[in-house]
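Undergrad: After the structure tokens below, expect a handful of questions from me.
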Amino acid sequence: MIPHTLTFSTQFAETIPHFRMAMLEVKVKNSPYCMELQRAIEQSIGEIVLQYRLEDIKSIPAIYHTREAYKLLGKDPNRYRPAGEQLLRRIVSGKGLYSINALVDMGNLISIKTGYSLGIFHAPAVGREVLLRRGEAEDPFEGIGRGRLNVEGLPLYVDEVGPFANPTSDSERTKVRLNTTEALIFINSYLPTEEGAEEKLYQAVEYTEELLCQFLSASELTSSYYSADSYLASPSCIN
């Protein structure tokens, strides 16, 4: 696998200095459908339906702080909801979740359990050097099943080819395929440090690694952590 690295634009890091993320790179055996994984998803759906009302979802800490980050960057989170919020709203509204393939379904399970918006990608389609910055009006972005998406004001991941992910939608260019054997996973956390952001992100990574091994025969699994405040403290941070 080609290793990937992440850096931040100074504007993004200064606007949301508490942002942190985990990047997982892994070899997997994807499949169209995994019965055991679907049982785990259905169990979680049942728990969520009993626990939340529709109006409660945006107050879940991981979702609340992602929405606040959107506002800081100039995006209305009620028009462009984070993916974790979208999934939970579907469940509480009684619409359930679509099954796409085992790798995508696993990501949805992690998202509804943690509230984090995940990006899961066909790793060979993502350039080696990734930049996280604020989206601009002229940025082209073809969302999965959404067509052209206005990414202005969204946190935007960009590689050498162009934009490919944000917490509302991943792109058609880098989406997981059934034949994906090398996966790249981003777990995005906008929780502030005082709310246990670091520990909760580690817990989400451990849970992700557990599911990858249990349902996707994971191998060559590596995890890397990045934070905006560490970037700002680096001597290489240049305006």
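The values are calculated or read from the model by the stated rules, or taken from the named source; none is laboratory data. Remember, it's a predicted structure, so these values are computed and weren't measured experimentally. Glycine also receives a Cβ, built like all others from the backbone with ideal geometry; neighbour counts cover every protein chain displayed. Keep in mind that these areas ignore ligands, DNA and RNA; they rest on the heavy atoms of the full protein, side chains included. Shrake-Rupley method; radii C 1.70, N 1.55, O 1.52, S 1.80 Å.
Undergrad: Of the residues Leu201, Leu178, Leu184, Leu221, only one is part of a strand (DSSP E or B), out of contact with any Gly (no Cβ under 6 Å at 6 or more places or on another chain) and either within 27 Å of Ser59 (Cβ to Cβ) or open to solvent by 30 Å² or more (accessible area, probe 1.4 Å) (or both); which?
TA: The conditions single out Leu221.
Undergrad: Among Glu142, Glu138, Glu194, which is touching an Asp or Glu at 6+ places or on another chain (Cβ under 7 Å), open to solvent by 10 Å² or more (accessible area, probe 1.4 Å) and farther than 17 Å from Arg67 by Cβ?
TA: Working: Glu138 fails: touching an Asp or Glu at 6+ places or on another chain (Cβ under 7 Å); Glu194 fails: touching an Asp or Glu at 6+ places or on another chain (Cβ under 7 Å).
Selected residue: Glu142, the only one of Glu142, Glu138, Glu194 that is touching an Asp or Glu at 6+ places or on another chain (Cβ under 7 Å), open to solvent by 10 Å² or more (accessible area, probe 1.4 Å) and farther than 17 Å from Arg67 by Cβ.
Undergrad: Quick check: is even one residue across region 98-112 modelled with pLDDT under 95 and either over 30 Å from Gly46 (Cα atoms) or more than 16 Å from the chain's Cα centre (by Cα) (or both)?
TA: Yes - at least one qualifying residue is present in region 98-112.
Undergrad: Only residues that are crowded, with 16+ Cβ neighbours inside 10 Å and not in a helix (DSSP H, G or I): list them for region 49-68, please.
TA: If the condition is that a residue be crowded, with 16+ Cβ neighbours inside 10 Å and not in a helix (DSSP H, G or I), then Tyr52, Ile60 are the ones that fit.
Undergrad: For region 34-48, enumerate the residues that are open to solvent by less than 30 Å² (accessible area, probe 1.4 Å) and more than 23 Å from Lys200 (Cα to Cα).
TA: Correct list: Cys34, Gln38.
Undergrad: How about region 204-218: which of its residues are touching an Asp or Glu at 6+ places or on another chain (Cβ under 9 Å), over 27 Å from Glu129 (Cβ atoms) and surrounded by 15 or more Cβ atoms within 10 Å (Cβ to Cβ)?
TA: We begin by selecting, within region 204-218, every residue touching an Asp or Glu at 6+ places or on another chain (Cβ under 9 Å); these are 214-215, 218.
Pick out the ones that are also over 27 Å from Glu129 (Cβ atoms) and you get 214-215.
Correct list: Phe215 only.
Undergrad: Is there any pair with a first residue in region 27-44 that is acidic (Asp, Glu) and a second that is at pLDDT 95 or above whose Cβ atoms are under 8 Å apart and which are 6 or more apart or on different chains, and what are they?
TA: Glu36/Gln214; Glu36/Phe215
Undergrad: Further question: Do we find that Leu191 is more than 15 Å from the chain's Cα centre (by Cα) and either modelled with pLDDT of 95 or more or not in a strand (DSSP E or B) (or both) in this structure? First the steps, then the outcome.
TA: Values: more than 15 Å from the chain's Cα centre (by Cα): no; either modelled with pLDDT of 95 or more or not in a strand (DSSP E or B) (or both): yes.
Considered against the rule, which asks whether it is more than 15 Å from the chain's Cα centre (by Cα) and either modelled with pLDDT of 95 or more or not in a strand (DSSP E or B) (or both), Leu191 comes out as no.
Undergrad: So which of Arg177, Arg173, Arg134, Arg148 ends up being modelled with pLDDT under 95 and basic (Lys, Arg)?
TA: Arg148
Undergrad: While we're on this one: Please identify the pairs in which a residue from region 104-122 that is touching a residue at least 60 places away in the same chain (Cβ under 8 Å) and within 23 Å of Glu68 (Cα to Cα) has its Cβ atom under 6 Å from the Cβ atom of a residue that is outside any helix (DSSP H, G or I) and of a type in the set (Phe, Trp, Tyr), counting only partners at least 6 apart or on another chain.
TA: Within 6 Å, the pairs are Gly119/Phe186.
Undergrad: Of all residues in region 1-33, which are open to solvent by 20 Å² or more (accessible area, probe 1.4 Å) and within 25 Å of Ile100 (Cβ to Cβ)?
TA: Listed by number, the residues that qualify are Met1, Ile2, Lys27, Lys29, Asn30, Ser31, Pro32, Tyr33.
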